[in-house]
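The values are calculated or read from the model by the stated rules, or taken from the named source; none is laboratory data. Predicted model, so just to flag it, every value in this text is computed and none were measured. Please note: Cβ atoms are built from the backbone with ideal geometry, for glycine as well, and neighbour counts cover all protein chains shown. Protein only, heavy atoms only, side chains kept; ligands, DNA and RNA dropped before computing areas. Shrake-Rupley method; radii C 1.70, N 1.55, O 1.52, S 1.80 Å.
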Amino acid sequence: QKIVNLLNSLLGLLYQEYRDKSTREEIETRRLQDSQTDPEENSASEETPSETEAAITPESKAAPQISLLRNSTSRFNLWQDLPEIRSSGVLSILQPDEIKLQEAMFELVTSEASYYKSLNLLVSHFMENERLKKILHQSEAHILFSNVLDVMAVSERFLLDLEQRVEENIVISDVCDIVHQHTVNHFSVYITYVSNQTYQERAYKQLLQDKPAFREVISQLELDPKCKGLSFSSFLILPFQRITRLKLLVQNILKKVEEKSERESTALDAHKELETVVKACNEGVRKMSRTEQMISIQKKLEFKIKSVPIISHSRWLLKQGELQQMNGPKTSRTLRTKKLFREIYLFLFNDLLVICRQIPGDKYQVFDSAPRGLLRVEELEDQGQSLANVFILRLLENADDREVSYMLKASSQSEMKRWMISLAPNRRTKFVSFTSRLVDCPQIQCVHPYMAQEPDELSLELADVLNILDKTDDGWIFGERLHDQERGWFPSSMGEEILNPKIRAQNLKECFRVHKSDDSQRRKLGSRNRQ
């Protein structure tokens, strides 16, 4: 087929390279804007790659993938750098805003070509390798590669339609209508693939451990120049990364189309459908790990009070850990710290709190519980070192149907704040959230990726922009990501604060516009932690 033959004959970036370069460029662009006193004046006076969001420059280095560019030795940075565009004189006719929109649509097309190239390598270089086929049982290969052939076929059809649109006219009319059509009709294959991720990761680790021959072949295949130093696992995760990135690329187009236009309506429709697919992908990933976790917890609990059924299809763990409970009345504060507190262990679920004491045999004895909605927290004023990081937890209705209070001490300020926000999520944070429509709010952009280690933490991708809702003196931030309103904690060292108020306001304005079609749903989503 035309696309396959073209890809085999052309040089271009693998999707992993594109993704890394594009996010790095986006970070540098935002840094540049943040350092300027009037970013609007700057962007209006320049027609350079730095004015485009979502890093068009590195992305479009994959441009030789599409049939407009059949010269394998050329790598054009931007849509406006294409020979066909420069020679047409169209750049002198189009408004600067339309050129920005053309670049954003062009990036979506070229990035899909780069993504398809990487998928093709995953299949041809790894999945279809004869040595690997002999080592893997059919069931192992199925778990490892899942329905990647279906995903690649969907990408190919999508890319063909995008390429056809680009070839219709040197000025691209739209791409979001194609995105919408394919998302509705074909992108369910992503949900199947991504939902298998937990099994896939587990199977890969097990194969590396149990089969030296598998480990050897994978290592040799990774060393092939085709892979450009990239790992096998970086290819396996491509579909999840792509479906998320595609939503962001549509967001970038949406920010640039004329308001109340047909192209805005199409972009909003495409974005809404992509959000549905991304959400289903996330739920698919979490479902299995949550179920296994709940079964494991139930086995560890012994009830001193009336037993509460832990396992439920609608229940999952939000946070667990040890805290110190203050013993006796408040007048006993003069006692030594050792006698003042004793250890308790909390399991906090999305709808239930269970309070335990750890007992021998890695077990926990439950002595109280309460619905999560009937919890209240209160931070104590500074009472000296022995009562540092202490807060009051009130159960409005506990296991005995009465109101009780616990004075609890955390190991650090961040741990105290994390518990307080998890226990009472509707409690006002230090700064106001996205849903408040505040004109200005502290913001941070991610400059180092972060993988969440605890349920109340938020995994970050490079160039993510977040509102800062709370921060601690010991290096943690509670943030709300603008593009999906997911909330969670992360180390402050992962990001750089955005200091320019005009850039912060611009980020919020764009975010409100992207989500205006389903605003009521956004408000509900924004009020929840990432769970």
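Expressed in nm to one decimal, what extension gain is obtained for the pair A153 and N169 from 0.36 nm per residue of sequence separation less their Cα-Cα distance?
Values: separation 16, 0.36 × 16 = 5.76 nm, distance 2.57 nm.
Contour length minus the Cα-Cα distance gives 3.2 nm.
For the range 84-101, take each phi angle, set θ = phi - 60°, evaluate the Karplus expression 6.51 cos²θ - 1.76 cosθ + 1.60, and give the result in whole Hz per residue in order, putting x for glycine and proline.
Listing the rounded values in order: 4, 6, 5, 7, 7, x, 5, 5, 7, 9, 6, 6, x, 5, 5, 5, 4, 5 Hz.
Please compute the length gained on full extension between Q220 and Q413, using 0.36 nm multiplied by the number of residues separating them and subtracting their Cα-Cα distance.
Stretched fully, the Q220-Q413 segment lengthens by 64.7 nm.
Could you sort out which of K21/K255; K21/K502; K319/K409 sit more than 20 Å apart by Cα distance in this structure?
The pairs that break the limit, which is 20 Å between Cα atoms, are K21/K255; K21/K502.
So which aspartates and glutamates can K363 reach, going by Cα to Cα under 15 Å and dropping same-chain residues fewer than 8 places off?
E302, E322, E343
If each of E378 and F512 carries a label point 7 Å out from its Cα toward its Cβ, how far apart are those two points in nm?
The answer from the label model is 3.6 nm.
With all protein chains present, how much of the accessible area of the range 123-262 (probe radius 1.4 Å) comes from carbon and sulfur, to the nearest whole percent?
Answer for the range 123-262 is 51 percent, counting heavy atoms of protein chains only.
Please go through the range 109-213 and write out the GluC sites (Glu not before Pro) that DSSP classes as loop and that have at most 15 other C-beta atoms within 10 Å. Numbers along the way, then the final one.
Values: sites: E112, E128, E130, E140, E156, E163, E167, E168, E201; in loops: E128.
Those that pass, being in a loop and sparsely packed, are E128.
Compare the peptides 298-310, 496-508, 479-491, 174-186 by average per-residue count of other Cβ atoms within 10 angstrom and give them in order, highest first. Provide the component values of the computation, followed by the final result.
Values: 298-310: 12.9, 496-508: 16.8, 479-491: 22.7, 174-186: 19.7.
The peptides rank, most packed first, as 479-491, 174-186, 496-508, 298-310.
Tell me which residues come under 5 Å, amide H to amide H, from W476 once H is placed; ignore anything under 5 positions away on its chain.
When sequence neighbours closer than 5 places are left aside, the close amide H contacts are S492.
I'd like to check one number: the per residue accessible area of the range 304-423, probe 1.4 Å, reported in Å² as a whole number. Before the final figure, lay out each step's value.
On the way: 6080 Å² over 120 residues.
About 51 Å² of surface per residue is accessible.
What are the equivalent ellipsoid semi-axes of the range 304-423, built from the alpha-carbon gyration tensor (square roots of five times its eigenvalues), in whole angstrom, biggest first?
Working: eigenvalues 117, 49, 40 Å².
In descending order the semi-axes read 24, 16, 14 Å.
Could you order H313, H448 so the one with the most accessible surface comes first? Probe is 1.4 Å.
Descending accessible area places them as H313, H448.
Going down the list K256/K279; K247/K299; K117/K205, which pairs span over 29 Å between their C-alpha atoms?
Correct reply: K247/K299.
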